[in-house]
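J.: Handing you this structure, nothing more for now.
The values are calculated or read from the model by the stated rules, or taken from the named source; none is laboratory data. Please read all numbers here as calculations on a predicted model, not as lab measurements. Here the Cβ positions follow ideal geometry from the backbone for every residue, glycine too, while neighbour counts run over all protein chains shown.
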Amino acid sequence: MPTMNSERMALLGQLVRYGITGLLASFVNIGIYHSSVKMGGLDPNLAWTIGFVGAATTGYIIHGQWSFKGHGSRDRQAVRITRFAIVSLISFALNSLWVWLLVQHLDLPIWSPYPLVLGVTPLLVFWLNRVWVFE
């Protein structure tokens, strides 16, 4: 069986760590969102916004310390934080679109955006984080 070169192994390691961290951050977001809508009666998009803040904070800390550990430099922290914020806002906008489209526009259950939030958005965000934020 052929062996993977070290660059591919590093990419695979990042992807696995990113996935684990992303799931954790997504569960923070979903937990806040779901409980805010169900127990707090909040508007779904407001609840998603509050959950996003918790998830983005969780994600930045863990992605920087673990997911992309050893990848890129860490000398321009202000640039990295700004870029992470921009990528997070792209992620937020895309996920908010899923919530609006499926829950508010199509009147589907509040859990209906989860497959897109956990499957589609993370692939785009991984790529942006790898090539632009934690370069």
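J.: So is LEU123 closer than 30 Å to HIS71 by Cβ and under 10 Å from the mean Cα position of the chain (by Cα) or not?
T.: On the way: closer than 30 Å to HIS71 by Cβ: yes; under 10 Å from the mean Cα position of the chain (by Cα): yes.
In short, yes.
J.: Now for a separate question. Test VAL125 against the stated conditions and say whether it is over 18 Å from VAL37 (Cα atoms) and assigned to a helix (DSSP H, G or I). Step through it out loud before you land on a result.
T.: Values: over 18 Å from VAL37 (Cα atoms): yes; assigned to a helix (DSSP H, G or I): yes.
Yes; evaluated as a whole, the condition is true for this residue.
J.: Does VAL87 satisfy the criteria of being more than 19 Å from VAL16 (Cα to Cα) and not charged (D, E, K, R)?
T.: Details: more than 19 Å from VAL16 (Cα to Cα): yes; not charged (D, E, K, R): yes.
So VAL87 fits the description; yes.
J.: Any idea which of ILE32, ILE90 is at pLDDT 90 or above and under 25 Å from VAL131 (Cα atoms)? Steps first, answer last, please.
T.: Numbers: ILE32 fails: under 25 Å from VAL131 (Cα atoms).
ILE90 is the lone residue from the list that is at pLDDT 90 or above and under 25 Å from VAL131 (Cα atoms).
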